1. Near the amide H of residue 81, under 5 Å away, which other amide H atoms are found, from residues 5 or more places off or on another chain, if H is placed in the peptide plane?
2. With θ taken as phi - 60° and the coefficients 6.51, -1.76 and 1.60, list the Karplus ³J(HN,Hα) couplings across region 318-330 in order, rounded to whole Hz; mark glycine and proline as x.
3. Just to verify a number: FRET efficiency for residue 250 and residue 108, C-beta to C-beta distance, R0 = 56 Å, to 0.05?
4. Can you give me the P(r) profile for region 91-351? Cα pairs, bins 10 angstrom wide beginning at 0, each as a whole percent.
5. Taking amide H positions as placed in the peptide plane 1.01 Å from N, state which residues far from residue 309 in sequence (5 or more) or on other chains have amide H under 5 Å from it.
6. Please turn the phi angles of region 336-351 into ³J(HN,Hα) values with the Karplus equation 6.51 cos²θ - 1.76 cosθ + 1.60 (θ = phi - 60°), one per residue in order, whole Hz, x for glycine and proline.
7. Work out from phi, with θ = phi - 60° and the Karplus expression 6.51 cos²θ - 1.76 cosθ + 1.60, the ³J(HN,Hα) of each residue of region 266-276, listed in order in whole Hz, and give x for Gly and Pro.
8. Can you tell me how much longer the chain between residue 151 and residue 230 gets when fully stretched, taken as 0.36 nm per residue apart minus their C-alpha distance, in nm with one decimal?
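Taken together, the values in this text are just the output of simple stated rules run on the coordinates, not laboratory data. Source: prediction; values computed, not measured. Every residue, glycine among them, receives a Cβ derived from its backbone with ideal geometry; neighbour counts consider all protein chains shown.
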Amino acid sequence: MYTFVKAAYSNTNIYKIAVSVVIIFLCLHLSAQDYPTIKAKEGDGIYSVLKRNGYTPDYLEQFMELNKSKLGKNNSMIIGRVYRLPLLVEKSPEGNNPTVIPESIPKKKVYEIFGRKYREITQKSGELTGAIFYLMSGHGGPDPGAMGVLSGHVLCEDEYAYDVTLRLARNLIERGATVYMIIIDPNDGIRDEQFLSPDKDEVCYPHGEISFSQLARLRQSTNAVNELYALNKGKYQRLVVIHVDSRSKKENIDVFFYHDKRSNSGKILATMLMQTFGQKYSVHQPNRGYGGSVSERNLYVIKNSYPPAVFIELGNINHFRDQQRFIIPDNRQAVSNWLRDGLIEDYKKSIQ
Ligand SMILES: [Zn+2]
């Protein structure tokens with residue numbers, strides 16, 4: 001659900017300082033290394049050279065730093081000149097771009113974004129190799145989203161949506177996907193607690209301060225997705241947006257899936273996810289019955305984003321039974337596993 005809550009302060013300045021420290025540290029650290037080099041050919045630009053050599057745009061800053069004396073006007077590359085390429089960092093630098101996960105991942109990698117306990121990932125399969133996912137959890141920064149209460153604890157939508165989204169990201173990487181987290185919390189990681197303490201330090205990819213204004217916020221995250229989409233043109237790309245609904249205390253709802261009315265691929269995706277949930281519930285809780293649904297909805301993010309998108313509401317933050325779905329860490333994991341399985345099916349179908 002969309003709500004607008006004005007926060008009294010933000011931690012962004014502290015975050016900016018932390019990022020600068022990390023960047024300075026990286027530059028110092030890297031200056032002692034041997035770098036791979038390339039010779040610029042006609043038509044080469046920084047972006048195309050980085051892309052051709054398997055770098056994400058997040059290496060742009062490092063590339064410019066390494067080659068600042070060799071670049072021409074407006075950072076153009078000069079034909080015949082030799083340029084140094086940044087070292088691909090195995091461990092994603094903390095705070096600085098923790099989100100980009102290269103496609104060709106070795107069997108085991110470390111991603112600080114998942115936190116101490118979950119940061120190591122061993123790839124389990126290549127089922128999603130070639131697939132690109134943009135994962136966007138609802139709200140964040142100054143906006144906590146919907147709020148509920150349980151046993152004296154305040155439940156904030158942004159924290160629970162983020163934890164499920166992060167678990168999903170990890171699941172997808174395990175299967176070989178390339179994943180971009182659009183909303184990023186630099187220090188939360190995956191949390192195995194029932195009550196997730198709220199904070200305001202989330203940023204929008206790659207490290208933009210999240211705006212106070214709702215429309216600016218929606219534009220910001222949608223633009224982040226669309227810029228990445230352009231870089232990954234021609235590949236299977238999907239946007240998954242995860243929220244928690246807010247309704248009256250009495251209303252027990254299931255997981256709902258929304259798509260934009262003009263998007264057939266979005267509809268197929270949403271339907272695949274809903275069917276997966278139906279199947280999982282029928283196996284794990286045969287008498288429960290599943291009342292999830294797929295429907296069209298006019299929502300800024302899914303309407304204005306280029307990749308086919310699904311918008312998911314995980315339940316009602318005010319209803320006791322729905323709360324169990326995201327309060328209990330094992331349930332958050334189960335939900336993210338089911339979403340992964342549905343996404344694998346959608347990808348398989350798309351490449352048939
Ligand atoms: Zn929401």
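1. Close amide H contacts, sequence-distant or interchain: 40.
2. Whole-Hz 3J(HN,Hα) from phi for region 318-330: 9, 9, 4, 5, 5, 4, 4, 5, 10, 6, 7, x, 4.
3. On the way: r = 48 Å, r/R0 = 0.85.
Efficiency for this residue pair is about 0.70.
4. Histogramming region 91-351 at 10 Å steps yields 7, 33, 40, 18, 2 percent.
5. Counting only residues 5 or more places away or on other chains, the set is 239, 260, 266.
6. Rounded to whole hertz, the list is 6, 5, 5, 4, 4, 4, x, 5, 4, 4, 5, 5, 4, 4, 6, 9.
7. x, 5, 4, 4, 4, 5, 4, 5, 5, 4, 4
8. On the way: separation 79, 0.36 × 79 = 28.44 nm, distance 4.58 nm.
Stretched fully, the residue 151-residue 230 segment lengthens by 23.9 nm.
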